[in-house]
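The values are calculated or read from the model by the stated rules, or taken from the named source; none is laboratory data. Small disclaimer: the values here were computed from a predicted structure and weren't measured. Glycine gets a Cβ as well: all are built from the backbone with ideal geometry, and neighbour counts include every protein chain shown.
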Amino acid sequence: MEQTFIMIKPDGVQRNLVGEIIGRFEKKGFSLKGLKLLSVERGFAEKHYEDLSSKPFFNGLVEYIISGPVVAMIWEGKNVVTTGRKIIGATNPSDSAPGTIRGDFAVDIGRNVIHGSDSVGSARKEIALWFPEGPVAWSSSLNHWIYE
Ligand code: DAT
Ligand code: MG
């Protein structure tokens, strides 16, 4: 089953949005396969965002991610990468539809509350970086009510 990496950024933690965000993924029907609250160091944040290292906003982005604890998660389910990005909403909260996490809870692109992997390949890379121990192996007894 497909997995994605979701991270609640430091503003989401500070603004007490952790329960709200986890609730949206839970209620959708996706399964939580990894969860931790942690602070990351500069080098780790740079590695997570290495594809963006040439962007003018890279340093500010790294400063933001290391500015406080984040919640790192693995979520599993059918099409969870693409659907997870839809639940999160567009990168710039000015463009994020109401009903999405960024559409409902963010204003500025530099404080957009949450990260989600953009492809199955990057999900695999990001899960390996953030969860070297791998996902927790369990399966929900509700799967029968969520999948045909
Ligand atoms: P996303 O987080 O939607 O996958 P991304 O991978 O293109 O977006 O960029 C990572 C983060 O970098 C994004 O969540 C916010 C920040 N960012 C992206 N484009 C930006 C821009 N033009 N100005 C400032 N910050 C930006
Ligand atoms: Mg991205």
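Give me the residue from the stretch 18-35 that is within 20 Å of T82 (Cβ to Cβ) and free of Cβ contacts under 8 Å to residues at least 12 places away in the same chain and, out of that set, surrounded by the most Cβ atoms within 10 Å (Cβ to Cβ). Give the steps one after another, and end with the answer.
From the stretch 18-35, those within 20 Å of T82 (Cβ to Cβ) are 21-22, 24-34; that's our starting set.
Then keep just the ones that are free of Cβ contacts under 8 Å to residues at least 12 places away in the same chain; that gives 26-27.
Details: E26: 14, K27: 8.
Step by step, filter the stretch 18-35, then rank; the result is E26.
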Can you work out which of the residues in the stretch 1-33 that are under 18 Å from L142 (Cα atoms) and outside any helix (DSSP H, G or I) is modelled with the lowest pLDDT? M1
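Please specify each residue of the stretch 68-88 satisfying the condition of being within 16 Å of ligand 2 (Cβ to nearest atom) and part of a strand (DSSP E or B).
Step one: of the stretch 68-88, the residues within 16 Å of ligand 2 (Cβ to nearest atom) are 70, 72-73, 75, 80-88.
Correct list: V70, A72, M73, W75.
Give the stretch 53-67 a look and list any residue that's in a helix (DSSP H, G or I) and over 17 Å from the mean Cα position of the chain (by Cα), or say none.
As a first pass, look at the stretch 53-67 and keep what is in a helix (DSSP H, G or I): 58-65.
Matches in the stretch 53-67: F58, N59, G60, E63.
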Specify the residue that is farthest from I114 (Cα to Cα); the eligible residues are those in the stretch 53-77 that are surrounded by 13 or more Cβ atoms within 10 Å (Cβ to Cβ) and within 11 Å of ligand 1 (Cβ to nearest atom). F58
Residue list for the stretch 90-148, restricted to those being away from ligand 2 (no atom under 16 Å from the Cβ), of a type outside the set (A, V, I, L, M, F, W, C), closer than 27 Å to D51 by Cα and not in a helix (DSSP H, G or I): S94, D108, P132, E133, G134, P135
Residue pairs, Cβ under 7 Å, 6 or more apart or interchain, first in the stretch 98-109 and more than 17 Å from G23 (Cα to Cα), second surrounded by fewer than 16 Cβ atoms within 10 Å (Cβ to Cβ) and at pLDDT 95 or above. List them. I109/T91; I109/N92
Could you check how many residues of the stretch 83-134 are away from ligand 1 (no atom under 13 Å from the Cβ), buried (at least 16 other Cβ atoms within 10 Å of the Cβ) and not charged (D, E, K, R)? 5
When you go through (1) surrounded by 12 or more Cβ atoms within 10 Å (Cβ to Cβ); (2) under 16 Å from the mean Cα position of the chain (by Cα) one by one for L38, which number turns out not to apply? (1)
